[in-house]
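Novice: I'd like to ask you about the structure that follows.
The values are calculated or read from the model by the stated rules, or taken from the named source; none is laboratory data. Note that the structure is predicted; figures quoted are calculated from it, not measured. Methodologically, a virtual Cβ is constructed for each residue, glycine included, from the backbone with ideal geometry; neighbour enumeration extends over all protein chains shown. Surface areas here come from the heavy atoms of the whole protein model, side chains and all, with no ligands, DNA or RNA. Shrake-Rupley method; radii C 1.70, N 1.55, O 1.52, S 1.80 Å.
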Amino acid sequence: METENAVNYTYMGRSFKDLSINDDSTALSDCSSDRSGEFATASSQSQLLLLACANSENSNDLIRQLVSDLDSCSIDEQKQAALELRLLAKNKAENRIKIAKAGAIRPLISLISSSDPYLQENGVTAILNLSLCDENKELIASSGAIKPLVRALRTGTETAKENAACALLRLSHIERNKVAIGRSGAIPLLVNLLENGGFRGKKDASTALYSLCTVKENKIRAVEARIMRPLVELMADFGSNMVDKSAFVMSVLVPIPEAKTALVEHGGIPVLVEIIEVGSQRQREIAVATLLQICEDNLLFRAMVAREGAIPPLVALSQSGTNRAKQKASTLIELLRQPRSGNAAARGSDVSV
């Protein structure tokens, strides 16, 4: 017997009765800013109809029609097509491959440069959702997505900026794209998002910067963009929920001398010492590793760390931390207790702080 009030629905000429959906949007794992469930111009019933159609045997026809609509002369048709492709790519992994094979990537990239903020936002987010499929990453990058995504970081809505950061992160999983993204001007814009964005923007920017700054030239760009100030500020604010992410970004930067100097100039030493005193196990471990790197060959920095009262919490960490934290804490204690030598002191005195 049919359930009471059961109704048949029609979408694009097809009838549907069961509108249940299996949503696998958890695939948006390390960067999940997509808000494609928020249909501004369609009811929730329309969303269900769209997804039911996409789950049917005729989904290829639907996708081809939507891709064709991206090139429509009607901006309203373009908006609706981009919006629906964005949702389809979010909610079903199989659709990401189908949409790419149907030729959607280039027209979606062109929408990222649109002067219409709604079109731009949906173009960015559709590309983000398509980039969740590893098979699509290379095609998206080779189709010219990097520069428009960087432009969206500069000019887009808040959501467009967040999702552009996420899309660039996904593309940076291909190693050679990291240099291209850095040379396209993304680093200063990501630093700006880290400093001035909302919580989601800060989170997305930090994750993208962490990936991009495994390349040395991007580390230098980040330091030149004055990344250390917002990193230190976020690390000092335990209520920001950004201590771990900002500390990880800092850890990937401090191997270069410019980053060490900038960290000290912006008051990073007392912040790192405080983390060792009161932070979580993971935070303490990364803080001691960062202090160890800046102290290894600089007596002036060692003296500054010692003056901040680092030795007692380091001793405590050497006794109760993780095995890695214990080892690094013990090594740093030895460094801080070493007497000055003439050559090392000269090296330290050359650094302006």
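Novice: Which is in contact (Cβ under 8 Å) with a residue 60 or more places away in the chain and of a type in the set (A, V, I, L, M), of V278, V288, V264?
Specialist: None of the others qualify; the one that does is V264.
Novice: For segment 191-223: of the residues being touching a Pro at 6+ places or on another chain (Cβ under 8 Å) and open to solvent by 10 Å² or more (accessible area, probe 1.4 Å), which is nearest to E162 (Cα to Cα)? Reasoning before the result, please.
Specialist: If we filter segment 191-223 for residues that are touching a Pro at 6+ places or on another chain (Cβ under 8 Å), which is where we start, we get 191, 194-195, 219, 221.
Imposing the further condition that a residue be open to solvent by 10 Å² or more (accessible area, probe 1.4 Å) reduces the set to 195, 219, 221.
Details: E195: 13, K219: 21, R221: 20 Å.
That would be E195.
Novice: Moving to a separate point now. Of all residues in segment 169-219, count the ones that are in a helix (DSSP H, G or I) and closer than 24 Å to P257 by Cα.
Specialist: Within segment 169-219, the first condition is being in a helix (DSSP H, G or I), and the residues that meet it are 169-171, 175-183, 186-196, 199-212, 216-219.
When the remaining residues are screened for being closer than 24 Å to P257 by Cα, the result is 175, 178-183, 186-192, 194-195, 205-212, 216-219.
Residues that pass the stated criteria total 28.
Novice: When the residues of segment 310-353 are narrowed to those that are under 18 Å from I286 (Cα atoms) and in a loop (DSSP other than H, G, I, E, B), which ends up modelled with the highest pLDDT?
Specialist: Here the residue is A310.
Novice: Okay, moving on. So, in segment 257-280, exactly how many residues are polar (S, T, N, Q) and surrounded by fewer than 18 Cβ atoms within 10 Å (Cβ to Cβ)?
Specialist: So the answer is 1.
Novice: Can you find a residue that is among the β-branched types (V, I, T), open to solvent by less than 10 Å² (accessible area, probe 1.4 Å) and farther than 27 Å from Q281 by Cα anywhere in segment 150-172?
Specialist: Within segment 150-172, the subset among the β-branched types (V, I, T) is 150, 155, 157, 159.
From the residues that got through so far, the ones that are open to solvent by less than 10 Å² (accessible area, probe 1.4 Å) too are 150.
Narrowing the set further to residues that are farther than 27 Å from Q281 by Cα leaves 150.
Taking every residue of segment 150-172 in turn, at least one turns out to be among the β-branched types (V, I, T), open to solvent by less than 10 Å² (accessible area, probe 1.4 Å) and farther than 27 Å from Q281 by Cα.
Novice: Inspect segment 229-251 for any residue being closer than 22 Å to N192 by Cβ and of a type in the set (K, R) and give the result as yes or no.
Specialist: Yes: segment 229-251 contains one or more residues that are closer than 22 Å to N192 by Cβ and of a type in the set (K, R).
Novice: Are any residues in segment 81-138 part of a helix (DSSP H, G or I), more than 22 Å from T157 (Cα to Cα), over 19 Å from the mean Cα position of the chain (by Cα) and charged (D, E, K, R), and if so, which ones?
Specialist: If the condition is that a residue be part of a helix (DSSP H, G or I), more than 22 Å from T157 (Cα to Cα), over 19 Å from the mean Cα position of the chain (by Cα) and charged (D, E, K, R), then E94, R96, K98, K101, E135 are the ones that fit.
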